[in-house]
Amino acid sequence: MSGFPVTCAERIRTLPPYLFAAIDEMKQQAVARGVDIINLGIGDPDLPTPDPIVQRMREAVANPLHHQYPSSNGMLSFRTAVANWYARRFHVTANPSSEVVTLIGSKEGIGHTPVAFVDPGDIVLVPSPGYPVYPVATSFAGGIPWEMPLLKHNGFLPDLDAIPSHVAEKAKLMFLNSPNNPTAAIADTAFFARVIDFANRYHIIVCHDAAYSEIFYDGMRPPSFLETDGAMNVGIEFHSLSKTFNMTGWRLGFAVGRADVIAGLSQVKSNLDSGQFQAVQEAGITALETDEQLTAGLRAVYQERRDTLVAGLQTLGLQFDVPTATFYVWIEVPAGYSSASFTTHLLDKAGIVTTPGNGFGSPGEGYIRMALTTTKERLGEAVERMKHTGW
Ligand SMILES: *Cc1c(COP(=O)(O)O)cnc(C)c1O
């Protein structure tokens, strides 16, 4: 490279080190050695997007109406499909014009929310371990992330009583995520009711990430935050078509909730992006309108995989809560190991890629995450290999 020196902004230079880079490197080396890797590390569905959605996209892409700029906050027809889905799935009423916004994946909306509401020095309460976008987007906006540790003795839910009042008083936003990545814990409406009280007491906007609400087991449907009385007055909920319909590549999500919060987020979007391709939103309408047919089969696949992996891990004596939602298993590392050393052990000795829990925040130390995004045959093979490897 030649020319004058280019330095990244401080907000980039001070980003926490990317803990997964070392694992990627080790994985590449193993692949190069010819090791048959079983990848349980990725949170990206391995199955294709269902046909009816792809078919609708094929038709929509040919429509010249969609070839121009979309509106930045989304097509009213898509937002109406979202509102109808909320009514059907959660019995929540939302006005599609003012209480719903289309997102270019929920990551986009999560990333832009602090830009809309956080001033330099404001605190944002974030679950840890958690999705790295919450603290990083907070820092980009000049805010200060304050970690709410998700620990076993609290059922992996934030302990609101452990948040000092001087912190709560400076907090502008709180991110929550249920069903949770990486712990798979589910918050119930009693917990959400306590969150709403807390939010009203300290004037904190609640941003609930429900990306995994449709990936559940044994028929136990996780609640929406917005189902709880008063939730619409304190915040918004993010959703995504990524995990629900195997659409991670399409970049389609949405937020629903309090109108002035949706408006603030929309204002950022209108200044920074121009919305999602309308053909993608049309395909999203098909997804939301036929969701039961599409998601029931998907859940059956994950359920088989979960049952296979869980049964195998139990025979190996590993400690974990059986997940009732998400496609993750959050596993305690055996005595004598750290997150990093157990991850390395499984990769070196068994060719299995997992994710070290501390990569999601320091309270995740002592855990690894396995994802169910591979076939049940491969999950069974992973268990067999671990049986021979031991620890
Ligand atoms: C995968 C995931 C999302 C979804 O991201 P998209 O941008 O919609 O693809 C959001 N939150 C969490 C916690 C996730 O794991």
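Bear in mind that the values in this text are calculations on the coordinates, not laboratory data. Just so it is clear, the model here is predicted, and its values are computed rather than measured. FYI the Cβ positions are ideal-geometry reconstructions off the backbone, even for glycines, and counts take in every protein chain you see.
Tabulated data for the structure shown
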| read-out | value |
| --- | --- |
| Ellipticity estimate at 222 nm from DSSP helix runs (n ≥ 4, -39,500 (n - 2.57)) divided over the chain, nearest 500 | -13000 deg cm²/dmol |
| DSSP-defined antiparallel bridges as percent of all bridges, region 51-289, nearest 5 | 35 percent |
| Amide hydrogen neighbours beyond the local backbone of Gly235, cut-off 5 Å, H modeled | Val206, Arg258 |
| Which listed pairs, of Lys27/Lys376; Lys349/Lys387; Lys27/Lys349, have C-alpha distances above 18 Å, in listed order | Lys27/Lys376 |
| Size descriptor, Kirkwood hydrodynamic radius, that averages inverse alpha-carbon separations across the chain, Å | 21.9 Å |
| Pairs of lysine residues in region 51-289 - Cα separation under 27 Å, sequence separation of 8 or more or cross-chain | 10 |
| For the chain, built as a Gaussian network whose Cα springs stay under 10 Å, the top-fluctuating residue of Thr290, Thr244, Thr113 | Thr290 |
| Estimated dipole of the chain in Debye, rounded to 20 [Cβ of Lys and Arg +1, of Asp and Glu -1, Cα centre] | 400 debye |
| Counted charge near Met232, where neighbours are those whose Cβ lies closer than 12 Å (Asp, Glu -1; Lys, Arg +1) | -4 |
| Kyte-Doolittle mean at least -1.0, axial Cα span of 30 Å or more - DSSP H helices of the chain | 291-315 |
| For Asn177, distant residues with modelled amide H under 5 Å away | Asp209 |
